[in-house]
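Read the structure below first, then the notes.
The values are calculated or read from the model by the stated rules, or taken from the named source; none is laboratory data. As the structure is a computational prediction, the values presented were derived from the model and not from experiment. Note that we place each Cβ from the backbone using ideal geometry, even for glycine, and neighbour counts take in every protein chain shown. Quick note on the areas: whole protein, heavy atoms, side chains included, nothing else; ligands and nucleic acids left out. Shrake-Rupley method; radii C 1.70, N 1.55, O 1.52, S 1.80 Å.
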Amino acid sequence: QVQLVESGGGLVQPGGSLRLACAASGSIFGINSMGWYRQAPGKQRELVATITSGGATNYADSVKGRFAISRINAKNSVDLQMNSLKPEDTAVYYCNARAVTTFPYNHLEVWGQGTLVTVSS
């Protein structure tokens, strides 16, 4: 199977920056896309940013110009650089990967355990 491990959450003041990291491990043949989603208290999980193996990115309108997603394919890792953070960015952030396992080449959607980001003064 495939596992995702996240790191980098924490408490930051408004206007500050944080960098989230996520690494995939396990029986990986390939990973088509990786991304970050978030869930604020009382709200549904929402897309933050995704990146394909070819480097194409997609961002939620609310984070465009402030967040940057990057990926190292050889390490099966994805980072999220978050700048100019706002209180409304407070949420649990989840790493996501659409992976293909080694034989028998199962297609999986995998989630990390989540890391809490709190933006508050």
Shape call for the chain from the C-alpha gyration tensor, a ≥ b ≥ c root eigenvalues: rounded (a/c under 1.5), prolate (a/b greater than b/c) or oblate? prolate
Hey, got the dipole for the chain? About the Cα centre, +1 on K and R Cβ, -1 on D and E Cβ, debye to the nearest 20? 100
Any chance you could look up the accessible area of K86 with a 1.4 Å probe, heavy atoms only, rounded to 10 Å²? 80
Ordering of 67-73, 51-57 by packing [mean C-beta count within 10 Å, highest first]: 67-73, 51-57
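Hey, any idea what % of segment 63-103's accessible area is carbon plus sulfur with a 1.4 Å probe?
The C+S portion of the solvent-accessible surface of segment 63-103 is 54 percent.
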Surface per residue (accessible, 1.4 Å probe) for the chain, Å²: 52
Mean-square fluctuation check for the chain, GNM, Cα pairs under 10 Å: which of Y93, Y59, Y105 is largest? Y105
Can you give the net charge of the other residues whose Cβ lies under 13 Å from the Cβ of L18, counting K and R as +1 and D and E as -1? +1
Report L11's accessible area, 1.4 Å probe, all protein chains in place, as a number in Å² to the nearest 10. 130
